[in-house]
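Here's the structure, in C-alpha cells; my notes come after.
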Amino acid sequence: MLDTRLPELSVPDPTSGPLDPASLFDLPKQALWLEIGFGAGEHLVWQAKQNPDIGLIGAEPFLNGLTSCISAIDESGVQNVRLHGEDARPLLEALPEASVQKLFVLHPDPWRKRRHWERRIIGPQGLDLMARVLADGGELRTATDHAGYQIWMLRHLRADPRFEWLAKTADDWRVRPDDWPETRYAAKAVREGCPIMLLRLRRRPRAA
Ligand SMILES: C[S@@+](CC[C@H](N)C(=O)[O-])C[C@H]1O[C@@H](n2cnc3c(N)ncnc32)[C@H](O)[C@@H]1O
C-alpha cells in the first residue's frame, strides 16, 4: 500500500523547490493546516473529516505510522489530506511564508537526554521554521505529557515574541477542547496518569 498510495497522496519533494499550496489539492481550499509528527494519523484524519474545506498536510517519517494513516484516510474517504513521509523541516522550508493557518505538533519526541535537547522540534530552530510559515494570527497547537519538555516548551515559547500563549486560566492548558481529539500518545499518557499540557499559541502579526 505504501508503494502505491503514498506517492498518490504525497506532496512533491520539498527539496526540489518551493511548494505552491494551491496546487496540492484537487479543489480550492479555504486554508492550509499542517501536522508535524502525526504518528498514526488519527488526529490528522479527524481534523480533515471535520473540516472538508481546509487542506491538510501531515508530515511523518515513521513507516508504520504512514501505513496506519493511509488506511484511515482511505476508510474515511477524506479528500483533503496530503502527506510528506519524511522529516517535516524541508517541508517547512519549502512552503511560502505565512501560508499556514494552523500548525499541530502533538506529543513531539521529548529527547530525554540533555545532550539531545537541541533536537527538540519545539526549540529555537524549529520555532524559526514554524514562525515563518504561520500566517499572522495563525495558531500553533502543541502538547506534551513529559514534565521536562513541558518546562522547556514554556520557556522557549513564552520567550519568543512571535508567539502569544492564549491561556487565560489553568483549565485552558489542562482541559482538552472539543476540537482537539486525543492521539495515541495522549491516550497512553492518560492511562498512565501523566498530566498533559495542551498549548495554544497565536502567531503575532509581523511588523508592518
Ligand atoms: C511521540 S510520537 C507522537 C505521535 C503523535 N503525534 C501522537 O501524539 O500520537 C512523535 C512522532 O513525531 C515524529 N517525528 C519526529 N521528528 C519528526 C520530524 N522532524 N518531522 C516529522 N515527524 C517527526 C516521530 O516519527 C513520531 O511518530
### Query
How many residues does segment 129-140 contain that are within 14 Å of the ligand (Cβ to nearest atom) and open to solvent by 10 Å² or more (accessible area, probe 1.4 Å)?
1
### Task
Mind checking which helices (runs of 4 or more DSSP H) fall wholly inside segment 41-109 and carry at least 1 residues that are among the β-branched types (Val, Ile, Thr)?
42-50, 63-76
### Task
Evaluate segment 30-40: report whether one residue or more is among the acidic types (Asp, Glu), out of contact with any Lys or Arg (no Cβ under 6 Å at 6 or more places or on another chain) and not in a loop (DSSP other than H, G, I, E, B).
yes
### Task
Evaluate segment 95-103: report whether one residue or more is farther than 23 Å from Glu182 by Cβ and open to solvent by 100 Å² or more (accessible area, probe 1.4 Å).
yes
### Task
Please tell me if His116 is open to solvent by 10 Å² or more (accessible area, probe 1.4 Å), within 12 Å of the chain's Cα centre (by Cα) and within 13 Å of the ligand (Cβ to nearest atom).
no
### Message
With crowded, with 20+ Cβ neighbours inside 10 Å and farther than 16 Å from Gly39 by Cα as the only criterion, which of Ile151, Ile122 stands out?
### Response
Ile122
### Task
Those residues that are touching a residue at least 60 places away in the same chain (Cβ under 8 Å), out of contact with any helix residue (DSSP H, G or I) (no Cβ under 8 Å at 6 or more places or on another chain) and either on the phi > 0 side of the Ramachandran plot or open to solvent by 80 Å² or more (accessible area, probe 1.4 Å) (or both), I need them from segment 17-38; list them, please.
Asp20
### Task
Go through segment 166-201 and give me each residue that's surrounded by fewer than 17 Cβ atoms within 10 Å (Cβ to Cβ) and not in a loop (DSSP other than H, G, I, E, B).
Asp171, Asp172, Arg174, Arg184, Ala187, Lys188, Val190, Arg191
## Note on the structure
In segment 39-76, residues that are charged (D, E, K, R) and surrounded by 21 or more Cβ atoms within 10 Å (Cβ to Cβ) total 1
### Task
For segment 77-91, name all the residues that are surrounded by 14 or more Cβ atoms within 10 Å (Cβ to Cβ) and either within 9 Å of the ligand (Cβ to nearest atom) or of a type outside the set (A, V, I, L, M) (or both).
Asn80, Arg82, His84, Gly85, Glu86, Asp87, Ala88, Arg89, Pro90, Leu91
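The values are calculated or read from the model by the stated rules, or taken from the named source; none is laboratory data. Fair warning: this is a prediction, and the values are worked out from it, not measured in the lab. Ideal geometry is used to build each Cβ from the backbone, glycine not excepted, and the neighbour counts take in all protein chains shown. Accessible surface is based on the protein model in full, side chains and every heavy atom, while ligands, DNA and RNA are left aside. Shrake-Rupley method; radii C 1.70, N 1.55, O 1.52, S 1.80 Å.
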